[in-house]
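As C-alpha cells, the structure follows; a few thoughts come after it.
The values are calculated or read from the model by the stated rules, or taken from the named source; none is laboratory data. None of the values given here were measured: they were computed from a predicted structure. Here the Cβ positions follow ideal geometry from the backbone for every residue, glycine too, while neighbour counts run over all protein chains shown.
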Amino acid sequence: MFLSIFFVLLILVPSGTWGQQQPEIIIKEIAVEGNRRVQEAVIFGKVRTTVGSPFRPAALAEDIRSIFALGFFDDVRLKVDDFEGGVKVTFVVSERPFMRDIEFAGNKHAETKTLQEKVDLRLGAVYNPVDVQKAVETLRGYYEEEGYFEVQITPDVEKFPDGDVRVVFRISEGRQIKIDEIVIEGARGLKEKEIKSVMQTQERQYFILRGVVHRQRLDQDVDLIVQLYNDHGYIQARVESTDVQVDRARARVTIKIKVIEGPQFLVGSVDVTGPHVLPTEEVRRQIALKPGEPFSRSKVRQTINQITRLYSTIGRASADVNPVLNQDNAARKVNLTLEITEGPEVVVERINISGNTRSDEKILRREVPMAEGDLFTSQKLDRAKQKLVNLGYFETVDTTTTPGSSKDKIVVNIVVKERATGLFSLGGGFSSTDGLLGTLDLSQQNFLGKGWELFLRIRGGAKTQEGTIGFTEPWLFDRPLAAGFDLFDNRRIFVEYTVESLGGDVRLSHPFLDFSRWNFTYRLTHDRISNLIDSASESLQKETGSKVTSLVEGAVSRDTRDNVFSPSKGSLARLTVDVAGLGGDSKFLKTVGSAAYFQPVLWGTVLAGRLEGGYGFGFGDNELPLFERFRLGGPNSVRSRKLAQISPVDENGTRIGGTSEALVNIEYLIPIPLVPGLRFATFFDAGNVYGFRTKFDLTDLRKGAGAGFRWQSPFGPIRIDWAYNLDRRSGESSSQVHFSVGSPF
C-alpha cells in the first residue's frame with residue numbers, strides 16, 4: 001500500500017509567521033479521480049472528512065485507509081490544491097482489475113462445475129492475487145481428497161485491453177494413487193480387522209477395486225475408531241497419529257494408524273434415581289447396559305433415548321435423563337447413575353410447516369395427528385411423518401421439535417421438499433405380461449395443491465386394451481372420508497378366451513384406530529366373454545355372452561408400513577369381501593385375505609413376506625363367474641409362470657380358473673450403494689389355485705425362485721425379475737422374466 005499525501009503548508013503559511021498561531025485551513029471541495037467502475041458514492045461512503053471542515057492530515061490519512069480497505073484499489077493517494085481561499089482535497093485511486101473470465105484447463109477427473117463450486121471466486125469480482133492463491137490451495141486439497149496427490153495447479157492471469165483479466169487454472173491431475181495397505185499399530189484388545197470394518201476408508205471397494213484416500217473421510221475414521229473402542233470398554237483410547245505414506249513409483253499409499261488403547265473398563269453398578277410417575281422397574285427395563293459387561297458409550301446414549309422416548313409416550317417430552325459416570329480406575333469399572341427429572345406434561349405450542357410451495361398447508365395439517373394445545377407424544381410425531389411420506393407428494397419429510405416458551409410447551413417443525421406429483425406420458429413400452437404397449441398417462445396426485453387425485457390412463461397392445469378415468473377427494477367435507485369414482489372400458493385377451501368389461505364404481509373409505517381403514521365400493525359392469533378356443537368344454541361355453549354385474553365390496557385394512565412405495569418395516573393386512581346379486585345377472589360371494597410383513601435386517605437390507613388366501617362361490621345354481629375366478633402366475637404372484645397360467649383345467653385341458661387360492665411370497669432386498677433407490681432382490685414364491693376338478697391341498701403348491709432389481713424411479717417403482725420354475729411340468733418353460741411397475745406386494 002502506498003499512501004502519498006502532498007501538503008502545501010509551507011506555501012500557504014509565510015515563513016515569518018511561524019512563531020504565531022496560524023488560522024485553520026478549510027476544505028472547500030472533496031473530489032475523486034481515477035475511478036472507472038467504482039462509483040463515487042461508494043468511495044465517499046468511507047470518507048469521514050466533510051466540506052467546510054478544517055484540514056486535518058491525520059483524519060485524511062484515516063480516510064485513505066478506509067478507502068483502501070474496500071478492496072477495489074491497488075493504490076490510494078491524496079492530492080491537495082488551493083481552492084477558493086481554502087483547499088481542494090482529491091483522492092486519486094488506482095482500481096484493481098476485475099475478473100471477467102474464470103476457466104479451468106486440463107481437468108479430466110473433476111467436472112468444471114465441481115471445481116467452480118470449490119473456489120471462492122466469482123465473475124465480476126475484483127482480482128486479488130491472494131484470493132487466487134487460496135483457490136489454488138483449495139483445489140489442491142480437493143484433488144488430494146480424491147487421491148490425486150501428484151496434482152499440479154498453475155494460475156495464469158491474462159489481461160484484456162481494458163485492464164480486466166481472465167484467470168485460467170491450468171491443471172495437471174496426474175495419477176489417482178490407490179491404497180496399498182492400511183496398517184493399525186497398537187491394537188491389542190480389538191482385532192485389526194474389526195477396526196478396519198468401521199472405517200469409511202477401505203483397502204478394497206466392492207471387493208475388487210482398490211480404495212482411495214479421502215482426507216476428510218480419514219479424519220472421520222479417527223472418530224469412528226475411538227467410538228468403537230469406547231463401545232468395548234476402552235474409554236481412554238485415542239488415535240495418536242494417522243500417517244499417509246505415498247509411494248509415487250507404484251502410485252500406492254500406505255496408511256498407518258497408531259492407536260493407544262488404554263485399559264478396558266467394565267460396567268459396575270447401574271442405578272436409577274428420580275422416577276415417580278413411572279415405576280422404577282419399567283424405567284430399568286430400558287437400560288441397555290448390564291453389570292459385568294464391557295462399558296459402552298453408545299449403549300449409554302441408547303439407554304437415554306429409550307428412557308426419554310418412554311416418558312414421551314405419556315406426554316412428558318421434557319423429561320431429562322442425566323447420566324452420571326463414576327470411573328473406578330483401580331477396579332477398572334464404570335458405575336452409572338441415571339438421574340431422571342420427569343418434568344411436566346408437554347403440550348404443542350405451535351406447529352410450523354415449511355417447504356410446501358404448491359400444496360395448501362391445510363392438506364398437510366390434516367395428516368398431523370395433533371394440534372396446538374394437544375398433549376405431545378413422540379408416537380404422534382412419528383405417525384405424522386409416516387402419513388406425510390405416504391401421501392406421495394414429497395421427496396423428503398423432516399420432523400423436529402424445539403423447546404417452547406415454557407417448560408411445558410414444545411414447538412413442532414415440519415419441513416417438506418415437494419416432488420412432481422403430475423405425470424404426462426405419451427409413448428410406448430414393453431411388459432413381459434402384455435408385450436408391446438402404446439400408452440397415454442395423465443395423472444395428478446395433488447391436483448391444484450388440494451390433495452385431489454385425478455387420472456386418465458389408456459393402454460393399447462396385442463393382448464390388452466384399457467381405458468380408465470378416475471377421481472378421488474381424500475377429505476370429503478373436511479373429514480377424513482375419502483370418496484371417488486372410476487369409469488373404465490377394458491379388454492384382455494387370454495389364450496382360452498377374451499374378457500371385456502365396461503362400467504364404473506363409486507368408492508368411500510375412512511380411517512379408524514391408528515393404522516386401520518374401512519373401504520366400501522359399489523361397482524356396476526357389463527362383462528362379456530367371447531372368442532373361446534375350439535376345445536373349450538361345455539361348462540366353459542356356458543360362460544360365453546354378456547352379463548351385468550352389480551357388486552358391493554367391503555374391505556378393512558391395517559397398514560403400519562413406514563413407506564407405502566418402498567417399505568422397509570411394518571406390515572399390511574387386508575380382508576376384502578365382494579357380494580354380487582343386488583340386481584344384475586351375476587350372483588356370487590368372493591373373499592380375499594392377505595398379510596404382508598417387512599423387517600429390516602442388517603446394513604439396510606429388508607426381509608419381506610406375504611401370505612394370501614381367497615375363496616369364492618356362486619349363489620343358487622350360479623357358479624363363480626369366469627372373470628371373477630382365481631388365477632396365479634405373473635409379476636405379482638408366482639413369478640416362475642406367466643400371467644394367469646396357474647389354474648384348474650377342464651376335461652379338455654383348458655384353464656378355467658378356480659374358486660380358491662393360496663399364495664406365499666418371500667423376498668430379501670439388498671440396497672446397491674452405487675445407485676440411489678436401486679435394490680437387488682432374491683425371492684421365493686409358492687402358490688396354487690383350486691376348485692372344480694382340483695381339490696384344495698396346501699401340500700400341492702407351484703414353486704419358483706429367482707432374483708431381480710427394484711428401482712425407486714421418479715415415476716414410481718420399476719421391477720425386473722427372473723424366476724426359475726422349481727417344479728417344472730410337461731409343456732412349461734424352465735424360467736420366466738417379468739418387467740413391471742409397482743411393488744410385488
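If the condition is being among the aliphatic types (A, V, I, L, M), more than 22 Å from L70 (Cβ to Cβ) and modelled with pLDDT of 90 or more, then region 96-150 contributes A105, L115, V136, L139. Within region 132-163, being more than 30 Å from R210 (Cα to Cα) and crowded, with 17+ Cβ neighbours inside 10 Å holds for one residue alone: V132.
Quickly run through region 520-551 and pick out the residues that are over 29 Å from T654 (Cβ atoms) and free of Cβ contacts under 8 Å to residues at least 40 places away in the same chain. Don't jump to the end; show me each part of the working.
We begin by selecting, within region 520-551, every residue over 29 Å from T654 (Cβ atoms); these are 520-522, 524.
Listed by number, the residues that qualify are F520, T521, Y522.
With respect to L364, is the statement that it is at pLDDT below 90 and not assigned by TED's automatic domain parsing to the domain that holds K569 true?
Working: at pLDDT below 90: no; not assigned by TED's automatic domain parsing to the domain that holds K569: yes.
No.
Taking the stated definitions as given, is T50 farther than 30 Å from G141 by Cβ, in a loop (DSSP other than H, G, I, E, B) and out of contact with any helix residue (DSSP H, G or I) (no Cβ under 9 Å at 6 or more places or on another chain)? Yes; evaluated as a whole, the condition is true for this residue. Remark: pairs (first residue in region 355-367, closer than 19 Å to Q444 by Cα; second residue acidic (D, E); Cβ separation under 6 Å; 6+ apart in sequence or on different chains) = R358/E418.
Scanning region 560-592 for residues that are assigned to a loop (DSSP other than H, G, I, E, B) and closer than 23 Å to F630 by Cβ turns up D585, S586, K587. Consider S735 carefully, then state whether it is among the polar types (S, T, N, Q), under 17 Å from N636 (Cβ atoms) and within 40 Å of the chain's Cα centre (by Cα). So S735 does not fit the description; no.
Only residues that are loosely packed, with under 15 Cβ neighbours inside 10 Å and among the charged types (D, E, K, R) were counted across region 521-536, and they come to 1.
Please tell me if F617 is of a type in the set (F, W, Y) and either within 28 Å of D721 (Cα to Cα) or surrounded by 18 or more Cβ atoms within 10 Å (Cβ to Cβ) (or both). It would help to see each step written out before you state the result.
Values: of a type in the set (F, W, Y): yes; either within 28 Å of D721 (Cα to Cα) or surrounded by 18 or more Cβ atoms within 10 Å (Cβ to Cβ) (or both): no.
For F617, the condition - of a type in the set (F, W, Y) and either within 28 Å of D721 (Cα to Cα) or surrounded by 18 or more Cβ atoms within 10 Å (Cβ to Cβ) (or both) - is not met.
A single entry from D162, D243, D231, D221 fulfils the requirement of being assigned by TED's automatic domain parsing to the domain that holds Y127 and either at pLDDT below 95 or under 35 Å from the mean Cα position of the chain (by Cα) (or both): D162. Reported count of residues in region 661-697, each being of a type in the set (S, T, N, Q) and farther than 30 Å from S568 by Cα, is 1.
Listed here are the residues, each with its yes/no results for (1) crowded, with 17+ Cβ neighbours inside 10 Å; (2) under 18 Å from D505 (Cβ atoms); (3) touching a helix residue (DSSP H, G or I) at 6+ places or on another chain (Cβ under 7 Å); (4) among the small types (G, A, S).
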{"residue": "T549", "(1), (2), (3), (4)": "yes, yes, no, no"}
{"residue": "S568", "(1), (2), (3), (4)": "yes, no, no, yes"}
{"residue": "L582", "(1), (2), (3), (4)": "no, yes, no, no"}
{"residue": "D585", "(1), (2), (3), (4)": "no, yes, no, no"}
{"residue": "S594", "(1), (2), (3), (4)": "yes, no, no, yes"}
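State whether one or more residues within region 494-508 are touching a residue at least 40 places away in the same chain (Cβ under 8 Å) and in contact with a Pro (Cβ under 9 Å, 6 or more places away or on another chain). Taking every residue of region 494-508 in turn, none turns out to be touching a residue at least 40 places away in the same chain (Cβ under 8 Å) and in contact with a Pro (Cβ under 9 Å, 6 or more places away or on another chain). The residues of region 272-300 that are surrounded by 18 or more Cβ atoms within 10 Å (Cβ to Cβ) and either of a type in the set (F, W, Y) or without any contact (Cβ under 8 Å) to a residue 24 or more places away in the chain (or both) amount to a single one, F295.
Here's the yes/no breakdown for (1) touching a residue at least 40 places away in the same chain (Cβ under 8 Å); (2) over 25 Å from F696 (Cβ atoms); (3) outside any strand (DSSP E or B); (4) basic (K, R):
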{"residue": "S594", "(1), (2), (3), (4)": "yes, no, no, no"}
{"residue": "Q599", "(1), (2), (3), (4)": "no, yes, no, no"}
{"residue": "L607", "(1), (2), (3), (4)": "yes, yes, no, no"}
{"residue": "G613", "(1), (2), (3), (4)": "yes, no, no, no"}
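Return the only residue of T308, T357, T303, T313 being surrounded by 18 or more Cβ atoms within 10 Å (Cβ to Cβ) and either under 30 Å from K417 (Cα atoms) or aliphatic (A, V, I, L, M) (or both).
Just a single option satisfies the conditions, and that option is T308.
Among the residues of region 718-733, write down those that are out of contact with any Gly (no Cβ under 6 Å at 6 or more places or on another chain) and among the acidic types (D, E). Once the filter is applied, which keeps residues that are out of contact with any Gly (no Cβ under 6 Å at 6 or more places or on another chain) and among the acidic types (D, E), region 718-733 yields D727, E732.
Can S557 be described as in contact (Cβ under 8 Å) with a residue 40 or more places away in the chain, surrounded by 15 or more Cβ atoms within 10 Å (Cβ to Cβ), in a loop (DSSP other than H, G, I, E, B) and among the hydroxyl-bearing types (S, T, Y)?
Working: in contact (Cβ under 8 Å) with a residue 40 or more places away in the chain: yes; surrounded by 15 or more Cβ atoms within 10 Å (Cβ to Cβ): yes; in a loop (DSSP other than H, G, I, E, B): no; among the hydroxyl-bearing types (S, T, Y): yes.
Spelling it out, it is not the case that S557 is in contact (Cβ under 8 Å) with a residue 40 or more places away in the chain, surrounded by 15 or more Cβ atoms within 10 Å (Cβ to Cβ), in a loop (DSSP other than H, G, I, E, B) and among the hydroxyl-bearing types (S, T, Y).
Scanning for something more than 17 Å from the chain's Cα centre (by Cα) and within 30 Å of T341 (Cα to Cα), does region 392-402 turn up at least one residue? For region 392-402, residues more than 17 Å from the chain's Cα centre (by Cα) and within 30 Å of T341 (Cα to Cα): present. Output the residues belonging to region 258-276 that are more than 30 Å from L218 (Cα to Cα) and either touching a His at 6+ places or on another chain (Cβ under 8 Å) or polar (S, T, N, Q) (or both). Result: S269, T273.
With a requirement of 2 or more residues that are more than 30 Å from D221 (Cα to Cα) and of a type in the set (D, E), the strands (runs of 3 or more DSSP E) lying completely within region 64-183 that satisfy it span 73-83, 99-105, 152-159.
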